[in-house]
Amino acid sequence: MSKLRVAVIGARGRMGSEAVRAVEAADDMELVAAVGRGDSLDALADAGTQVAVELTHPDVVMGNLAFCVERGIHAVVGTTGWTEERLAELRARLVDSPDTGVLIAPNFGIGAILSMHFARQAARFFESVEIVELHHPNKADAPSGTAVRTAEVIAEARRAAGCPPQPDATTTALEGARGATVDGVPVHAVRLRGLVAHQEILFGEEGEILTIRHDAMNRTSFMPGVLLGIRRIVERPGLTRGLEHFMDLDG
Ligand SMILES: NC(=O)C1=CN([C@@H]2O[C@H](COP(=O)(O)OP(=O)(O)OC[C@H]3O[C@@H](n4cnc5c(N)ncnc54)[C@H](O)[C@@H]3O)[C@@H](O)[C@H]2O)C=CC1
Ligand SMILES: O=C(O)C1=N[C@H](C(=O)O)C[C@H](O)C1
C-alpha cells in the first residue's frame, strides 16, 4: 500500500516539530515537506502533498488553508483562533473544492476530547459551570481554543435541555475578575511557566461540585490524535470540527 504523503506547516514550532517526528515514525506516512515561517508553500504542491498538518498561528492559518484547499490538499488543523466567521469562510472555500477535507481539531489529546464529551453529558445537571484553562506563558492566544469549544459544547447542551442561564449576582467587580464569557460560560485563562496545557471544567449544584480536569504533560501526547486525523481526513470531504468525529466515544 502506498504511503500517505504528509506535509507539516509550522514545522519548527513546539507542536510542528513533534508532528514532524510523529509523521516520520509512522509506517503508513511519508513526510514530503516541512515548512516554517518565511518558506514558500509551493513546496507542498511540488511534493505532491495529500495531507497538510497546520500548526502555526491564528494570524496566518486562514491563508495557509486557502492555499491547501485551492489545490485539493486535505488539512489537519491544530491552530486556534476559530470564530463563526472564519468557519463560514472556510466552508465557502470548500464548496469550490468538494473532494477536499479539513479537520479543525481544538485539541488532539484523547483525554481532552473525552473531557469535553463528559462535560456535554454533565452540562444539564448542574446550575453553575465555569472553565479554568492553564497554559505555558508562550501561548499566543487566550482563552485557549479548547476552552472556547468546551464552553460552546456546554452551552449547546444546556440550551437543548432548556436550562436557564446560570445565575451570577455579581453587581460590582474589578474588570476581568469574572473572566471572559463564552456563550454564557465564564472562562478563566492562567499563563504560568512550567505548565503545558491543562483545563478544569467546574460544575456546581447545591451541595456538590463536579470537576473534570485534563492535563497534557507534554506535546507528544497530542500526536496519536494528529496521526488519527491524518489517516481519516482523506476519506472525509468538507469541514470536520473536532477529532471526536473520528472516534467511537460511546463504543
Ligand atoms: N489542537 C491541539 O491539540 C493543539 C493546538 N495548538 C495550537 O497550535 C498552534 C501552534 O502552537 P505552538 O506549536 O505551541 O506554537 P509555536 O509558536 O511553537 O509554533 C508555531 C510555528 O509556526 C511558525 N509560523 C508562523 N507563521 C508561519 C507561516 N506563515 N508559515 C509557516 N510557519 C509559520 C512559527 O515560526 C513557529 O515555528 C497554536 O495555535 C496552538 O494553540 C497547540 C498545541 C496543541
Ligand atoms: O497553545 C497550546 O499549547 C495549546 N493550544 C490548544 C488550545 O488553544 O486549546 C490546545 C492545547 O490546549 C494546547
Is segment 154-176 home to any residue that is within 16 Å of ligand 2 (Cβ to nearest atom) and either over 27 Å from His245 (Cβ atoms) or among the hydrophobic types (A, V, I, L, M, F, W, C) (or both)?
yes
Just to verify a result, which residue in segment 191-218, among those that are within 12 Å of ligand 2 (Cβ to nearest atom) and part of a strand (DSSP E or B), is surrounded by the fewest Cβ atoms within 10 Å (Cβ to Cβ)?
Arg191
Just to be sure before I move on: is Ala177 at pLDDT 95 or above and over 25 Å from the mean Cα position of the chain (by Cα) in the structure I sent?
yes
Thr181 versus (1) hydroxyl-bearing (Ser, Thr, Tyr); (2) open to solvent by 70 Å² or more (accessible area, probe 1.4 Å); (3) touching a helix residue (DSSP H, G or I) at 6+ places or on another chain (Cβ under 6 Å): which is the lone unmet condition?
(3)
From Arg159, Arg232, which residue is open to solvent by 30 Å² or more (accessible area, probe 1.4 Å), assigned by the TED database to the domain that holds Glu54 and either out of contact with any Pro (no Cβ under 9 Å at 6 or more places or on another chain) or at pLDDT below 95 (or both)?
Arg232
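The values are calculated or read from the model by the stated rules, or taken from the named source; none is laboratory data. Given the structure is predicted, the values throughout are model-derived calculations rather than measurements. Methodologically, a virtual Cβ is constructed for each residue, glycine included, from the backbone with ideal geometry; neighbour enumeration extends over all protein chains shown. The protein model used for the area step is the full one, side chains on, heavy atoms only, and it has no ligands, DNA or RNA in it. Shrake-Rupley method; radii C 1.70, N 1.55, O 1.52, S 1.80 Å.
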